[in-house]
Every structure is written in structure tokens, then in C-alpha cells.
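Peer 1: Shown below is the structure under consideration.
The values are calculated or read from the model by the stated rules, or taken from the named source; none is laboratory data. Given the structure is predicted, the values throughout are model-derived calculations rather than measurements. Because the Cβ atoms are built from the backbone with ideal geometry, glycine has one as well, and the counts that use them run over all protein chains shown. The accessibility values were calculated without ligands, DNA or RNA, using every heavy atom of the protein model including side chains. Shrake-Rupley method; radii C 1.70, N 1.55, O 1.52, S 1.80 Å.
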Amino acid sequence: METNKIVKYIGRITYSHVIAYFIAGIFALFVMDYKELFATKEMSLLMRPVSDPIVTLGPFLQLFRGMILAIFLLPIQKVVVEEKYGFAKLGVLILGLSLFSTIGPTPGSFEGYIYTIIPAINQLLGYPEAILYVLIFISLLWCSYKQERKWIDILSAIVVLIISTISVISYCFTV
């Protein structure tokens, strides 16, 4: 595989992840009221409050998670980009491995229902955010490959820069 294709793939996975993560996070914060949810007895033992400085830095740190995700998805690049329904297959894979069938007892996962004491309703509350994330992630990635317009990559990079800047500035003001 040529270097240019690899760099483009890693870049597109990364920016699709960061943007999708940010939008899904804003949705979760305001629509799902994560601030209130994370303050409950059950969730406060597991989750930091949304006002915690490291949480405000989270969107910026997603740049690194996006790159890690891209590296691990590199072996299936051809399937995702070239096969029919490749992006849908990726979406199902991400939901399956990162939500429903995690290795550890993550809330909402198969293991989470068995091994944690978190009430089922609290575990289900993360599903809308996760599904929204995957839909946005796959849509952005699909659009970047199917449209093959340079302006999509440039605009996405600018959006990631804005998200990262807001995140770092917010962190600086909360420390």
C-alpha cells in the first residue's frame, strides 16, 4: 500500500473520529444530561464529573485516539473503502467491539450487565451517544471517500483544529 493512501486513510479516520466524538459528546452532555447522570451515586464512582479539567481536554486528546483507531483499522482499509457496504460493515464492527462486546465490563456491554452493579437503565443510557457517534463517524468517512473532494479534507481539518483549540483553552481555564 502506498504511503500517500495510508496517510490519507489515517487522516480521514482521525478527523472523522474527532468530529463524531465531539458532536456525540455535545449531544450526550445537553440532551442526555450527562452532567446530572455522572453525579449519580452509581456513575460517580465510575465517571469523572464533566467539569473535571481532564474531561475538558478530552476532545483534543481524541486526536491521538483517532490515530490509534486508524492504525488498528489499517488492515481492513481495502474492505472499508473498496467493498460494497464497506462503511456499513465498519460501523457494525465498531458498535460490536466498542459497545456490545468489549473485553472488560464496560457499562452497556455484555460483560457490563453481568459483572457490574450499575443498574440496567444506566447502562442503556450510553447507547444513543454511541449509535450517534458511529453514524456520524461512518457518514463523514463515507463522504470523504465517495466525494473525493479536497475541500472536505481541508474543512474537516479546520473543524478539528477549532475543536482542539476550544478543548485546550477550556482546559487551561479549568486548571
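Peer 1: Filter the range 127-175 down to the residues that are polar (S, T, N, Q) and under 17 Å from Ile26 (Cα atoms) and list them by number.
Peer 2: Ser164, Thr165, Ser167, Ser170
Peer 1: Out of the residues in the range 108-126 that are open to solvent by less than 40 Å² (accessible area, probe 1.4 Å) and in a loop (DSSP other than H, G, I, E, B), which is farthest from Gly25 (Cα to Cα)?
Peer 2: Thr116
Peer 1: So which of Ile76, Ile103 is aliphatic (A, V, I, L, M), farther than 22 Å from Ile23 by Cα and not in a helix (DSSP H, G or I)?
Peer 2: Of Ile76, Ile103, the one residue that is aliphatic (A, V, I, L, M), farther than 22 Å from Ile23 by Cα and not in a helix (DSSP H, G or I) is Ile103.
Peer 1: Here's another thing I want to ask about it. What's the number of the only condition in (1) open to solvent by 40 Å² or more (accessible area, probe 1.4 Å); (2) in a helix (DSSP H, G or I); (3) over 21 Å from Glu148 (Cα atoms) that Pro49 fails to meet?
Peer 2: (2)
Peer 1: In the list Glu129, Glu148, which residue meets the criterion of being among the acidic types (Asp, Glu) and open to solvent by 70 Å² or more (accessible area, probe 1.4 Å)?
Peer 2: Going through Glu129, Glu148 in turn, the sole match is Glu148.
Peer 1: Regarding the range 97-110, can at least one residue be identified that is within 25 Å of Lys5 (Cβ to Cβ), among the hydrophobic types (A, V, I, L, M, F, W, C) and at pLDDT 90 or above?
Peer 2: Yes, because at least one residue in the range 97-110 is within 25 Å of Lys5 (Cβ to Cβ), among the hydrophobic types (A, V, I, L, M, F, W, C) and at pLDDT 90 or above.
Peer 1: Are there any pairs, at least 6 apart or on different chains, whose C-beta atoms fall under 8 Å, with the first in the range 72-86 and closer than 19 Å to Val7 by Cβ and the second surrounded by 11 or more Cβ atoms within 10 Å (Cβ to Cβ) and of a type in the set (S, T, N, Q), and if so, which?
Peer 2: none
Peer 1: Do we have any residue at all in the range 52-68 that's in contact with a Phe, Trp or Tyr (Cβ under 6 Å, 6 or more places away or on another chain), modelled with pLDDT under 95 and of a type outside the set (Lys, Arg)?
Peer 2: Checking the range 52-68: at least one residue is in contact with a Phe, Trp or Tyr (Cβ under 6 Å, 6 or more places away or on another chain), modelled with pLDDT under 95 and of a type outside the set (Lys, Arg).
Peer 1: So, in the range 22-38, how many residues would count as being part of a helix (DSSP H, G or I) and open to solvent by less than 80 Å² (accessible area, probe 1.4 Å)?
Peer 2: The total comes to 11.
Peer 1: Restricting the search to the range 58-107, which residues are within 15 Å of Ile138 (Cα to Cα), buried (at least 16 other Cβ atoms within 10 Å of the Cβ) and not small (Gly, Ala, Ser)?
Peer 2: Listed by number, the residues that qualify are Leu69, Leu73, Gln77, Val80, Val81, Phe87, Leu90, Ile94, Leu95.
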